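The values are calculated or read from the model by the stated rules, or taken from the named source; none is laboratory data. All values derive from a computational prediction rather than experimental measurement. Here the Cβ is made from the backbone with ideal geometry for all residues, glycine too, and neighbour counts use every protein chain on show. Note: areas computed on protein heavy atoms with side chains; ligands, DNA, RNA excluded. Shrake-Rupley method; radii C 1.70, N 1.55, O 1.52, S 1.80 Å.
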Amino acid sequence: MLAAAMQQNWDCVVECEKSCAVLIGELRVQSQAVQLTATQRKEKTRIMQSILRNDAQIRVLAEPWLATLEYMGKVPASSVLH
């Protein structure tokens, strides 16, 4: 999905999002029936963090003004003009 967003192939991004929604639904159902080991939970956390990083990059590519807002949040208050 990130590769498609980097190529500005938004139709592909939308299709990937639909596929992800289906997979997430399936994983939710399975998570109620299966207990993960500590190692599996660690791996799940690593994967989720990677997904969140990719999602943030996709959002910036899709809506570049979000990067400006993020930057504005990092500007020290003393440097903001009133």
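From the residues in the stretch 43-82 that are open to solvent by less than 100 Å² (accessible area, probe 1.4 Å) and among the hydroxyl-bearing types (S, T, Y), which one is modelled with the lowest pLDDT?
Filtering first and then ranking leaves S79.
List every residue pair whose Cβ atoms lie under 7 Å apart, where the two residues are 6 or more positions apart in sequence or sit on different chains, the first residue falls within the stretch 35-60 and is of a type in the set (D, E, K, R), and the second residue, located anywhere, is part of a helix (DSSP H, G or I) and modelled with pLDDT under 95.
R59/L66
Which of the numbered conditions does M6 fail, given that it passes all the others? Conditions: (1) open to solvent by less than 100 Å² (accessible area, probe 1.4 Å); (2) modelled with pLDDT of 90 or more.
Checking M6 against (1) open to solvent by less than 100 Å² (accessible area, probe 1.4 Å); (2) modelled with pLDDT of 90 or more, the one that fails is (1).
Could you give every pair whose Cβ atoms fall below 6 Å, whose first residue belongs to the stretch 1-19 and is within 15 Å of E63 (Cβ to Cβ) and touching a residue at least 40 places away in the same chain (Cβ under 8 Å), and whose second residue is open to solvent by 70 Å² or more (accessible area, probe 1.4 Å) and not in a helix (DSSP H, G or I), counting only separations of at least 6 or pairs across chains?
Sorted first by the residue in the stretch 1-19, then by its partner, the pairs are V13/M1.
When the residues of the stretch 19-42 are narrowed to those that are over 24 Å from A4 (Cα atoms) and open to solvent by less than 80 Å² (accessible area, probe 1.4 Å), which ends up nearest to the chain's Cα centre (by Cα)?
Among those residues, the one meeting the criterion is S31.
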